[in-house]
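Data block below; observations after.
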Amino acid sequence: MTDFKKIISHAKEYGFIFPSSEIYDGLSAVYDYAQNGVALKKNIRDYWWKSMVQLHHNIVGIDASILMHPTTWKASGHVDAFNDPLIDNKDSKKRYRADVLVEDYCAKIENKMDKEIAKAAKRFGEAFNPEEFKTTNPRVVGYQEKINTILKRLGQSLEKEDLEDVKNLIEELEIACPESGSRNWTEVKQFNLMFGTKLGASAESAMDLYLRPETAQGIFVNFLNVQKTGRMKIPFGIAQTGKAFRNEIVARQFIFRMREFEQMEMQFFVPPGTQKEWYDQWKQTRLSWHLSLGMGAENYRFHDHEKLAHYADAAADIEFKFPFGFKELEGIHSRTDFDLKSHEEFSGKKLQYFDPERNENYVPYVVETSIGLDRMFLAVFSWALRDETLEDGSTRTVLKLPEVLAPTKVAILPLVKKDGLPEVAQKLMDDLKWNHAVAYDEKDAVGRRYRRQDALGTPYCITIDHQTLEDQTVTIRDRDSMKQERIALDAVGGILNEKLDIKNWLQNI
Ligand code: GAP
């Protein structure tokens, strides 16, 4: 996998992501999506929306506002419990999330494990069975047990709000400040992550609000509106994508942890008692969605939560192998009836469903799938970016994005800027642009133009040359294999439609 710094610089150089307000030296953990980034992001969002809303007759979408009545956040528990445990290093004056320090410590052990496995794979060659090795090699088993013990204790201490024990754990593991190398730590304290703001013109009458820290609450407060107006029958889901805000203290790793980010969430309302089976089903469905993009099953794993959020009776992350290790990409949570019940209590309004099959009223249970759009962007982008050495010894940088997500699907390249070739190219572009995002490039030698498109992730290049004028054929070049094929000019549209049809990607889920 490509070096992380290279990923960040490639994202900037090729117009995917810029630091926010860069002319003022940027704003920490806030980013702007540039011309290619916004297209990739939109394609990821559409891919999610199509699979969740369009392909499920019982899931509908909404777009709730970012600002909500402040009682929402009392009811949801975010005012009281949406905290991160923080610890300061007294020498460097740097602030850290205590749980992240411990998790990073475990990630280092995991690295050692990976090295042992890689060494053994080399030693045993083809006969090597990594799964067997992981469960039988004493050193690797020991590493795994150590990780499990540490994470279990961390989870239990956080669950019990035993912050003293979190500090003890950091001290026992002899974790040092990455900046100063010292182990001179303060106590662990809780810090609320919500951004506050005000609504209203005068200081006296202004109302304190929060920027939403998750999109989910916009769905809960609209549950009955949607159920009634959409005549929805349980089980059914409500999906939405939109901005969320968190005053992350340890915001780092580029767009992995941002202060302003976008979520794609779906709340699935089910009869009480059936949540476990729906939870298992949504875990699998969401994993299949990820796998449909072809980024390798070995790059995903489930992580079941030890520490459950205040609203959940089960929770798991789908983790992805980012350049800095396996980390959470998506969460699947069995949220019980906590949110709807709590909104009933705080609002005094009933949020219940009459189930004709059970012949009773109840507050539904909820299974949620929640994925960060920016984090998904980072997963796709970091996986796709490669430096390749070609057969002739030259190198190329290529962004092997799943074709269905690529910002530009096809580039039209007239071989030269004369002899009527640009006119044919323009006409082809005008035909294709109704169905696909098309780029046109006539500058520089064609080899350099191919490299430019490779770096942008464009899966296909169509070259118009002098032969096109004679026999109405063009070449189509494949980004990944770099193979070129001669095809009829009037077949281009049909071939692209087939290759880029979202159905071919999503129908196996
Ligand atoms: N409604 C449930 C919820 O918000 P979460 O695990 O806190 O659960 C869900 O967040 C997803 O949102 C995460 O899996 C991650 O992909 C994304 N996410 C959370 N915080 C983020 C941040 N600061 N920056 C970018 N993405 C974030």
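The values are calculated or read from the model by the stated rules, or taken from the named source; none is laboratory data. Because the structure is a prediction, the values reported are computed rather than measured. Heads up, the Cβs are rebuilt from the backbone with ideal geometry, glycines too, and the neighbour counts pull from every protein chain shown.
Summary of values
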{"read-out": "Residue in segment 338-349 that is part of a loop (DSSP other than H, G, I, E, B) and more than 19 Å from A107 (Cβ to Cβ) present", "value": "yes"}
{"read-out": "Pick from segment 1-46, criterion surrounded by fewer than 15 Cβ atoms within 10 Å (Cβ to Cβ) and among the hydroxyl-bearing types (S, T, Y), ranking: nearest to T458 (Cα to Cα)", "value": "S9"}
{"read-out": "Lone unmet requirement of (1) surrounded by 12 or more Cβ atoms within 10 Å (Cβ to Cβ); (2) farther than 30 Å from K90 by Cα; (3) within 33 Å of the chain's Cα centre (by Cα) for N137", "value": "(3)"}
{"read-out": "Which listed residue is crowded, with 20+ Cβ neighbours inside 10 Å and either within 15 Å of the ligand (Cβ to nearest atom) or at pLDDT 95 or above (or both), from A251, A297, A239", "value": "A239"}
{"read-out": "Residue match in segment 268-291 (condition: assigned to a strand (DSSP E or B) and either surrounded by fewer than 19 Cβ atoms within 10 Å (Cβ to Cβ) or in contact with a Ser or Thr (Cβ under 8 Å, 6 or more places away or on another chain) (or both))", "value": "yes"}
{"read-out": "Yes/no for D317 being within 13 Å of the ligand (Cβ to nearest atom), modelled with pLDDT of 95 or more and in a helix (DSSP H, G or I)", "value": "no"}
{"read-out": "Hey, P178 of a type outside the set (V, I, T) and not assigned by TED's automatic domain parsing to the domain that holds Y311 or not", "value": "yes"}
{"read-out": "In segment 344-376, the residues that are among the acidic types (D, E) and more than 16 Å from the ligand (Cβ to nearest atom)", "value": "E344, E345, D355, E357, E360"}
{"read-out": "Pairs with Cβ under 8 Å, 6+ apart, first in segment 498-509 and surrounded by fewer than 16 Cβ atoms within 10 Å (Cβ to Cβ), second modelled with pLDDT of 95 or more and small (G, A, S)", "value": "N508/S288; N508/S292; I509/S51; I509/S288; I509/S292"}
{"read-out": "Answer residue from segment 8-49, given it is among the charged types (D, E, K, R), away from the ligand (no atom under 16 Å from the Cβ) and within 15 Å of the chain's Cα centre (by Cα) and is farthest from P323 (Cα to Cα) among those", "value": "D46"}
{"read-out": "Condition met for L224 (away from the ligand (no atom under 14 Å from the Cβ) and closer than 27 Å to V30 by Cα)", "value": "no"}
{"read-out": "Only listed residue being more than 23 Å from the chain's Cα centre (by Cα) and within 17 Å of R479 (Cα to Cα), chosen from L401, L405, L421, L413", "value": "L413"}
{"read-out": "Qualifying residue in segment 383-396 (condition: within 16 Å of the ligand (Cβ to nearest atom) and under 30 Å from D280 (Cβ atoms))", "value": "yes"}
{"read-out": "Some residue of segment 324-336 being outside the structural domain of P459 (by TED's automatic domain parsing), within 15 Å of the ligand (Cβ to nearest atom), of a type in the set (D, E) and at pLDDT 95 or above", "value": "yes"}
{"read-out": "Scope segment 118-134; condition surrounded by 10 or more Cβ atoms within 10 Å (Cβ to Cβ) and part of a helix (DSSP H, G or I); matching residues", "value": "A118, K119, A120, A121, F124, P130, F133, K134"}
{"read-out": "Residues satisfying the stated conditions in segment 394-427, i.e. assigned by TED's automatic domain parsing to the domain that holds Q467, farther than 30 Å from W48 by Cα and of a type outside the set (K, R)", "value": "L413, P414, L415, V416, D419, G420, L421, P422, E423, V424, A425, Q426"}
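Rundown of residues vs (1) within 13 Å of the ligand (Cβ to nearest atom); (2) free of Cβ contacts under 8 Å to residues at least 40 places away in the same chain; (3) touching a helix residue (DSSP H, G or I) at 6+ places or on another chain (Cβ under 9 Å), yes/no style:
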position	(1), (2), (3)
I255	yes, no, yes
M258	yes, no, yes
E262	yes, no, yes
Q267	yes, no, yes
P272	no, no, no
T285	no, no, yes
L291	no, yes, yes
